[in-house]
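Novice: Dropping a structure here in structure tokens format, bear with me for questions.
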Amino acid sequence: MERTVTIASGHGLHARPAKLFTQAVAASGHQVTIARPEGKAVNAASILGIIAAGFENGDEVVLNVEGDDAERVLDELSEFLTTDHDEAAG
Amino acid sequence: MIEVRELRGVGVGTGVVVGPVLHVSRQTAAAPTDARSALGADAELARAREALASVSAQLRERAAGADEATRDVLEAQALMTDDPELIASVERHLGSGVTAEKAVADAFGEFAALLADAGEYFAERAADLHDLSDRAVAALQGRSTELVVDPGHPYVLVARDLAPADTAVLDLDRVLAFVTSEGGPTSHTAILARQRGIVAIVGAVGVEGLPDGTQVIVDAERGRVWVDPDAAELADAEARIAARQAAADAPAGPGALADGTPVKLLANVGKPGEAAEAVRLGAEGVGLFRTEFLFLDRLTTAPSVADQQESYREVLAAFPGKRVVVRLLDAGADKPLAFLSPGEEENPALGQRGLRALRASASVLADQLTALAGAQAQTEAELWVMAPMVATVEETAFITRAIHDAGIRTAGVMVEIPSVALIADRVLSRTDFASIGTNDLTQYTMAADRQLGSVAALQDPWHPAVLRLVKEVGAAGAALGKPVGVCGEAAADPLLAVVLTGLGVTSLSMSPTALADVRVSLARHTLDDARAIAEAALAADEAADAREAARAAADTITAGR
């Protein structure tokens, strides 16, 4: 099951947001991938893969979740990605 | 051997300490060889998993005892060490018959190369991976990865650079200063020094050559390490340490220059909970209360008037009888909000942000002003309200009227766009005060994106072009008798604070931890001194030259007394 969302964190999916996201993926217990539209899918439980992919604020990404309950996991992870996890800078 | 007397680096803060050098390093791993494994791939994989798990467990253990910022870094590093793709890569490398040591080093190396190619920010993460790789290989080789330091006396810590996993186990109470041979002003060492108020000099090439026990003066203000100082140098250093201590111990009176000219020292506050800390550190009020925190976690709707009013009341209540400058919601660019967002823009920094976005959502503006006026009525603080991203006289007149009409007496505008700095006389004649946001003013003057590492060198508020704009605003404020503040990073730089005052700025707002150093720096100079130092900076061609010229002018004036 797939869904396309836009990343809302001010500094993209690096540092703290990347950490929190991979933790959320691992906690879901599902096989999850994240990719740019038409891009190569990255294991969403891999913090190294996520950081190296360099997803930025405003990027569209495609989430793919396999298995039972995929819809609920997609809802949770989409909500995470569309929330800003970086504090406002001055 | 030529005797080294003086080393140069980048100082963090303005402190001075005297003490003995102690080199701190942990055992590093020996470089793994290409030797074929005698154990077989399965046994090597088990060894690799065990070593990675031990490093990750150690990181998590240190994270548990660390402060919040360090904890985030260490937890991220533990996740990197546990990364499923890293293990997959180790397994691939083991397929060619190498040892676990070699496979682990190559797997980390693969990811580090990927990150190093991706730009400046990622290069720092690549440095993290080298550190993790070294720890894992050392664990495989049976070497300790602990950093053991307890000389039993205070010391000047010397290292190549410090990793978060290292500093988490240090007893920082024993550390007089950090001096590192590598790393820059954004390195982990510098950040930790700033957080903990520890004197530090980073990038001091040559420090690795000093033997343990060497007596040094670490002078962060001048970015110098003096080796084996003579009696006169020691006496000078001790006098400066005593003066700094006396200033820190003295009850923090109102900020002022040496001739008594008042310069209000205010705090930047991002959340209501930060107000108490600002009061404790001697802030005379708040110069910038950012209100975005109330809105940022909201996806579709703005917070209610009642919720907003309660948050504003909390901050205002901490400052009875004192000034609290609240900035209206500054949405857009780096802080997009779904319910205020104008949709896709090619150049959001030049788009519908700040006051422009507020004007497009009249109800958000009206609610915020209503909540602020309500909080004003509940407290004794002197509420000032200002608008971000003002570009014209018409916008100034509009927002000033809106703030006054809400029942708030003092209205102002932020000077972030060069247009309003250039016609500051006309802008200030239509409002009550101006506050210069030096971060954005520099971004727009130099056309250099604040968030883009590749143009970071242009993002320097010392640039004479930026200083000249500050001078325009300062002069207009003086002519019209209107207050002009600065609330960007620039205000926290002790020397630049003097320059800004010389350019006509009447209040400085900064993160509360910077207040003490700025207070001391201002008290050393009269208004005439500050003007002369500002002139020296204005006459320079480049930001670095302006900083040097101001430093030289300040030293000459102080030496002449």
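Novice: Within the range B:67-89, take every residue that is of a type in the set (A, V, I, L, M) and surrounded by 20 or more Cβ atoms within 10 Å (Cβ to Cβ) and give me the one that is farthest from B:SER133 (Cα to Cα).
Specialist: Here is the first cut: in the range B:67-89, the residues of a type in the set (A, V, I, L, M) are B:69, B:73-74, B:76, B:78-80, B:86-88.
Then keep just the ones that are surrounded by 20 or more Cβ atoms within 10 Å (Cβ to Cβ); that gives B:73-74, B:76, B:78-80, B:86.
On the way: B:VAL73: 16, B:LEU74: 14, B:ALA76: 15, B:ALA78: 12, B:LEU79: 13, B:MET80: 10, B:LEU86: 11 Å.
The qualifying residue farthest from B:SER133 (Cα to Cα) is B:VAL73.
Novice: Go through the range B:62-73 and count every residue that is within 21 Å of A:LEU48 (Cα to Cα), more than 10 Å from every other protein chain (Cβ to nearest Cβ) and free of Cβ contacts under 8 Å to residues at least 60 places away in the same chain.
Specialist: Residues that pass the stated criteria total 1.
Novice: Exactly one of (1) closer than 20 Å to B:THR167 by Cβ; (2) among the small types (Gly, Ala, Ser); (3) away from every other protein chain (no Cβ under 14 Å) is unmet by B:ALA76. Its number?
Specialist: (3)
Novice: In the range B:180-200, what residues are of a type in the set (D, E, K, R) and either modelled with pLDDT of 80 or more or part of a loop (DSSP other than H, G, I, E, B) (or both)?
Specialist: Kept after step one, since they are of a type in the set (D, E, K, R), are these residues of the range B:180-200: B:182, B:194, B:196.
Hit for the range B:180-200 is B:GLU182, nothing else.
Novice: Being under 14 Å from the mean Cα position of the chain (by Cα) and within 14 Å of another protein chain (Cβ to nearest Cβ) is the filter here, so list the residues in the range B:462-508 that pass it.
Specialist: Residues satisfying the conditions are B:CYS487, B:GLY488, B:GLU489, B:ALA490, B:ALA491, B:ALA492.
Novice: Could you list, in sequence order, all residues of the range B:160-183 that are under 29 Å from B:SER56 (Cβ atoms) and either in contact with a strand residue (DSSP E or B) (Cβ under 6 Å, 6 or more places away or on another chain) or aliphatic (A, V, I, L, M) (or both)?
Specialist: B:ASP161, B:LEU162, B:ALA163, B:ALA165, B:ALA168, B:VAL169, B:LEU170, B:LEU172, B:VAL175, B:PHE178, B:THR180, B:GLY183
Novice: Which of the helices (runs of 4 or more DSSP H) contained wholly in the range B:254-322 include at least 1 residues that are in contact with a Leu (Cβ under 7 Å, 6 or more places away or on another chain), in the same structural domain as B:GLY374 (by TED's automatic domain parsing) and crowded, with 19+ Cβ neighbours inside 10 Å?
Specialist: On the way: elements: B:275-280, B:293-296, B:305-317.
Passing ranges, in order: B:293-296, B:305-317.
Novice: Of the residues B:GLN459, B:GLN352, B:GLN376, which is closer than 29 Å to B:PHE319 by Cα, surrounded by 18 or more Cβ atoms within 10 Å (Cβ to Cβ) and not hydroxyl-bearing (Ser, Thr, Tyr)?
Specialist: Values: B:GLN459 fails: closer than 29 Å to B:PHE319 by Cα; B:GLN352 fails: closer than 29 Å to B:PHE319 by Cα.
Being closer than 29 Å to B:PHE319 by Cα, surrounded by 18 or more Cβ atoms within 10 Å (Cβ to Cβ) and not hydroxyl-bearing (Ser, Thr, Tyr) holds for just one of B:GLN459, B:GLN352, B:GLN376, which is B:GLN376.
Novice: Still on this structure, I have one more. May I ask you to list the residues in the range B:253-309 that are within 14 Å of another protein chain (Cβ to nearest Cβ), modelled with pLDDT of 85 or more and in contact with a Phe, Trp or Tyr (Cβ under 7 Å, 6 or more places away or on another chain)?
Specialist: B:VAL269, B:VAL286
Novice: Is it true that B:ASP440 is charged (D, E, K, R), in contact with a Phe, Trp or Tyr (Cβ under 8 Å, 6 or more places away or on another chain), closer than 26 Å to B:ALA283 by Cα and crowded, with 17+ Cβ neighbours inside 10 Å? Walk me through it before giving the result.
Specialist: Numbers: charged (D, E, K, R): yes; in contact with a Phe, Trp or Tyr (Cβ under 8 Å, 6 or more places away or on another chain): no; closer than 26 Å to B:ALA283 by Cα: yes; crowded, with 17+ Cβ neighbours inside 10 Å: yes.
Spelling it out, it is not the case that B:ASP440 is charged (D, E, K, R), in contact with a Phe, Trp or Tyr (Cβ under 8 Å, 6 or more places away or on another chain), closer than 26 Å to B:ALA283 by Cα and crowded, with 17+ Cβ neighbours inside 10 Å.
Novice: With the checklist (1) out of contact with any strand residue (DSSP E or B) (no Cβ under 6 Å at 6 or more places or on another chain); (2) more than 20 Å from B:ALA78 (Cβ to Cβ) in hand, flag the one item A:THR33 doesn't pass.
Specialist: (1)
Novice: Can you name the number of the only condition in (1) surrounded by fewer than 24 Cβ atoms within 10 Å (Cβ to Cβ); (2) on the phi < 0 side of the Ramachandran plot; (3) at pLDDT 75 or above; (4) not in a helix (DSSP H, G or I) that B:LEU329 fails?
Specialist: Status for B:LEU329: all satisfied but (1).
Novice: Is it the case that some residue within the range B:422-431 is in contact (Cβ under 8 Å) with a residue 60 or more places away in the chain, away from chain A (no Cβ under 14 Å) and either in contact with a Ser or Thr (Cβ under 7 Å, 6 or more places away or on another chain) or surrounded by fewer than 21 Cβ atoms within 10 Å (Cβ to Cβ) (or both)?
Specialist: Looking for residues that are in contact (Cβ under 8 Å) with a residue 60 or more places away in the chain, away from chain A (no Cβ under 14 Å) and either in contact with a Ser or Thr (Cβ under 7 Å, 6 or more places away or on another chain) or surrounded by fewer than 21 Cβ atoms within 10 Å (Cβ to Cβ) (or both), one finds none in the range B:422-431, hence no.
Here is a yes/no grid of residues against (1) under 22 Å from B:LYS264 (Cα atoms); (2) out of contact with any Phe, Trp or Tyr (no Cβ under 8 Å at 6 or more places or on another chain); (3) in contact (Cβ under 8 Å) with a residue 24 or more places away in the chain; (4) not in a helix (DSSP H, G or I):
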position: B:ARG519; (1), (2), (3), (4): yes, yes, yes, no
position: B:ALA530; (1), (2), (3), (4): yes, yes, yes, no
position: B:ALA534; (1), (2), (3), (4): yes, yes, yes, no
position: B:ALA540; (1), (2), (3), (4): no, yes, yes, yes
position: B:ASP555; (1), (2), (3), (4): no, yes, no, no
position: B:ARG561; (1), (2), (3), (4): no, yes, no, yes
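Novice: OK, next. Are any residues in the range A:14-23 crowded, with 21+ Cβ neighbours inside 10 Å and closer than 12 Å to A:LEU77 by Cβ, and if so, which ones?
Specialist: A:PHE21, A:THR22
Novice: Residue check: is B:THR180 polar (S, T, N, Q), under 15 Å from the mean Cα position of the chain (by Cα), surrounded by 23 or more Cβ atoms within 10 Å (Cβ to Cβ) and outside the structural domain of B:THR70 (by TED's automatic domain parsing)? Steps first, please.
Specialist: Values: polar (S, T, N, Q): yes; under 15 Å from the mean Cα position of the chain (by Cα): no; surrounded by 23 or more Cβ atoms within 10 Å (Cβ to Cβ): yes; outside the structural domain of B:THR70 (by TED's automatic domain parsing): yes.
Judged against the criteria, B:THR180 is not a match.
Novice: Right, here's the next one. Checking B:ALA48 against (1) more than 14 Å from every other protein chain (Cβ to nearest Cβ); (2) part of a helix (DSSP H, G or I); (3) out of contact with any Leu (no Cβ under 8 Å at 6 or more places or on another chain); (4) not acidic (Asp, Glu), which single condition isn't satisfied?
Specialist: (3)
The values are calculated or read from the model by the stated rules, or taken from the named source; none is laboratory data. Note that the structure is a prediction, hence the values are computed from the model and not measured. Here the Cβ is made from the backbone with ideal geometry for all residues, glycine too, and neighbour counts use every protein chain on show.
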